[in-house]
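This report refers to the structure that appears directly beneath it.
Derivation of every value follows stated rules applied to the coordinates shown; laboratory data play no part. Note that the structure is a prediction, hence the values are computed from the model and not measured. Neighbour counts are summed over all protein chains in view; Cβ atoms, including those assigned to glycine, are modelled from backbone coordinates with ideal geometry.
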Amino acid sequence: MNIEQARFNMIEQQIRTWQVLDQSVLSLLAVVKREDFVPAAHRGLAFMDMEVPLVDNGSQGRSMLEPKVEARLLQELAVGKHEKVLEIGAGSGYMAALLAHKAQRVLSLEIDPELARFAADNLKRAAVMNAEVRQADGSKGALAEGPFDVILASGSVATVPQSLLDQLKVGGRLATIVGNDPIMQAVLVTRVDQNAWRTTVLFDTVAPRLLGFEEQPKFRF
């Protein structure tokens, strides 16, 4: 496989055509080597328009999101260099690496110990120094570390818990995929003031459920 040609095709044929037009995002996808974050057994799937399976250790089908979904969420969050980011669900560490190139600092919480080690090792090999992977249940966020400018739940949730929304700064953004299979939507929630949030539906999709997010209190707007 010609890796660079496959990467180019992924960006131009999958991602750009999915309304990802921010050149900073497209350029970043060419810099961060997605294949280095994919399990060796599935390296040939790194650039395909599909979810890539991660470790098979009872993690309920944990996988990397499709490249176009990752890129679209990254674009919509519009992360700035001064911002602090919380990611829920480190997975392979790939999304944390993308976020780290745009942010000041990234804290990524991963409930699965094996995946937490895998993500941390991948980030270390990629020399990403401003992203930390912590083995923890991310459903309650990281209150002691907050508030955050950006929160990304890298998977689907039944509903967004208020505890996460409360950890956003005013002006902060949270992105995730909400709903139940087969009907889910990617959403962007912005905290517009201390007691109000605005939700924008981005696109329809389906994604694996994040552990710990099967049932949560519904959020208010």
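The value of relative contact order for the chain, using C-alpha pairs under 8 Å at least six residues apart, is 15 percent. Region 83-134 gives an Rg/Rh value of 0.92, both radii derived from C-alpha positions and Rh following Kirkwood.
Given R₀ = 45 Å, what would the calculated FRET efficiency be for ASP121 paired with ASP166, taking r from the Cβ atoms and rounding to 0.05? About 0.90, to the nearest 0.05. Taking every lysine pair in region 71-221 that is 8 or more places apart or spans two chains, those with Cα atoms closer than 21 Å amount to 12.
Summary: within the chain, the longest segment free of trypsin sites (Lys or Arg not before Pro) located in DSSP loops with at most 10 other C-beta atoms within 10 Å is 82-217. Fully extending the segment from MET1 to THR17 would add 3.5 nm, taking 0.36 nm per residue of separation and subtracting the current Cα-Cα distance.
Counting only Cα atoms, region 1-129 measures 38, 36, 24 Å along its principal axes, largest extent leading.
Of the GluC sites (Glu not before Pro) found in region 141-221, those that fall in a DSSP loop while having at most 15 other beta-carbon atoms within 10 Å are GLU214, GLU215. Model label sites at VAL206 and MET48, defined 7 Å from Cα along the beta-carbon direction, differ in position by 1.7 nm. For region 28-44 and region 94-149, what is the separation of their Cα centres, given in Å? Between the Cα centre of region 28-44 and that of region 94-149, the gap is 17 Å. Across region 125-169, the mean sequence separation of Cα contacts (distance under 8 Å, 6 or more residues apart), normalised by length, yields a relative contact order of 48 percent. Fully extending the segment from THR159 to ASP36 would add 41.1 nm, taking 0.36 nm per residue of separation and subtracting the current Cα-Cα distance. Compute the long axis of helix 67-77 from its Cα atoms, compare it with the longest principal axis of the Cα atoms of the chain, and write down the angle in degrees, 0 to 90, nearest 10. In the chain, helix 67-77 runs at an angle near 40 degrees to the longest axis.
Once you have the Kirkwood Rh of the chain from its Cα pairs, apply Stokes-Einstein at 10 °C and 1.306 mPa s and quote D in µm²/s. List each step's numbers first, then the result.
Numbers: Rh = 17.2 Å.
My calculation gives 92 µm²/s for D.
Computed from the Cβ-Cβ distance with R0 of 25 Å, the FRET efficiency linking GLN135 to ALA78 stands at 0.30.
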